[in-house]
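Here is the structure we will look at.
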Amino acid sequence: MTFTETLRKFVLDVAGADLCGIAPASRFDKDDPIFKIYPEVKSVIAIGFRILRGAVRGIEEGTTYYQYTTMAIECLEETVMPCAAIQVANFLEDNGYVALPQRKHQHFTAETEETNPEILHDYIRYGETAEVQMNVDDAAVKCGLGEKGLHGRILCDEFGPLLRYQFILTNAELDANEMYTPHLCDKCGECVKACPGKAIAEDGKVNTWQCAAYYAGANGTKNPFMQPTAYADFDNRLDIIAGEAKVDKELCGKILDATVFYPPIGKGHAYRSSICGKACDTACYIHLEEKGVLTKKFKEKFRKRPEWKFDISDFDVIKK
């Protein structure tokens, strides 16, 4: 067994990852952040973890919501994946190689015109205050974890878009995975149609401010916690509640400050409770399952009944 084979076995059997991908550093552009983070890097190891279908079911049924944010995001990002990455890094260093775990820092973005919908908006640091970090989606593709779908999510054969990942940079020269030949995303547009805030353009470009507002539950027709008098101080409140408002950075902040129907999971990591549960990913997953292209099979289909929705007239109770 080669060292790469031994490493892969460790990643999957000991560290507990669902997927392991490896890319040579030569696949990355010379100005890629990985070379600023670790100039001597020779290989990039990706460790992938599934998002449990069960964690998404509560939002699908409109019954329980905290499980998605806690088990599908926070637990993976803050506990499971970092612990696994450290185990893999320890394995590499026990074998004489340097290893540096890398994760997406949820609170930092170099793009001042973008935001991260998963994090409380006033906890995010922009531009010059952002640390140098990897482009994790690009690295996932280069490591052979999956292909990029229309709405920018990484799709893999096993779990579709229900996947999260972290990385280890190392000076070990390892045998690489082949990159995906794109075959999953057929540009069906289900992700575009599913967004409760119309945050995804037909070409897949995501307005992250629009996304942030509706990720947190600004669409009352898909939010069982919203009171009929929500957003009473907004002139366009029914447009907001119906998912028809055009949301920029300023309006997003105001909407999020007023979206107090369901509390954030915790101030410690500042994850915002997801009410939409990334409806785009759910729609993508359902489409891929219906096509029969996912290799991880289940005994029942994910969507068992017509999608539920409240009527916008339920919120038309404020007369001015």
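Computed quantities for the displayed model
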item	result
Shape category assigned to the range 3-170 from the gyration tensor of Cα positions, a/c cut at 1.5	oblate
Out-of-range pairs (alpha-carbon distance over 23 Å; input Lys9/Lys278; Lys198/Lys254; Lys249/Lys278; Lys249/Lys309; Lys142/Lys198; Lys148/Lys222)	Lys9/Lys278; Lys249/Lys309; Lys142/Lys198; Lys148/Lys222
Magnitude of the charge dipole, the chain, Cβ model with Lys/Arg +1 and Asp/Glu -1, debye to 20	860
Label zone at Cys83, where the point sits 7 Å out along the Cα-to-Cβ direction: the range 1-23 residues whose backbone N lies under 18 Å	10-19
Convex hull (Cα only) mean projected area of the chain, reported in nm² to one decimal	17.0
Relative contact order (percent, whole number), the chain, Cα cutoff 8 Å, 6+ residue spacing	22
Mean ellipticity per residue at 222 nm, deg cm²/dmol - from DSSP H runs of n ≥ 4 across the chain, formula -39500 (n - 2.57)	-7000 deg cm²/dmol
Computed lengthening from Leu12 to His183, 0.36 nm per intervening residue step minus Cα-Cα distance	59.1 nm
For Cys20, distant residues with modelled amide H under 5 Å away	Gly48
Cys residues of the chain counted as unpaired, since no other Cys beta-carbon is under 4.7 Å	Cys20, Cys75, Cys83, Cys143, Cys156, Cys185, Cys188, Cys195, Cys211, Cys252, Cys276, Cys284
Tyr68, Tyr97 arranged by Cβ crowding within 10 Å, fewest neighbours leading	Tyr97, Tyr68
For the range 170-176, 3J(HN,Hα) per residue [Karplus equation, 6.51 cos²θ - 1.76 cosθ + 1.60, θ = phi - 60°, Hz, x = Gly/Pro]	8, 8, 6, 8, 10, 6, 8
Förster radius 30 Å - calculated FRET efficiency between His107 and Ala232, Cβ distance, rounded to 0.05	0.45
Sorted by Cβ density within 10 Å, fewest first, the residues Arg303, Arg8, Arg153, Arg27	Arg303, Arg27, Arg8, Arg153
Linear extension gain, Lys304 paired with Thr63, 0.36 nm per residue minus alpha-carbon span	85.3 nm
FRET efficiency for Val317 and Lys296, using Cβ-Cβ distance with R0 set to 51 Å, rounded to 0.05	0.70
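Since every read-out is calculated from the coordinates, none of them should be taken as a lab result. Since this is a predicted model, take the numbers as computed values, not measurements. Here the Cβ is made from the backbone with ideal geometry for all residues, glycine too, and neighbour counts use every protein chain on show.
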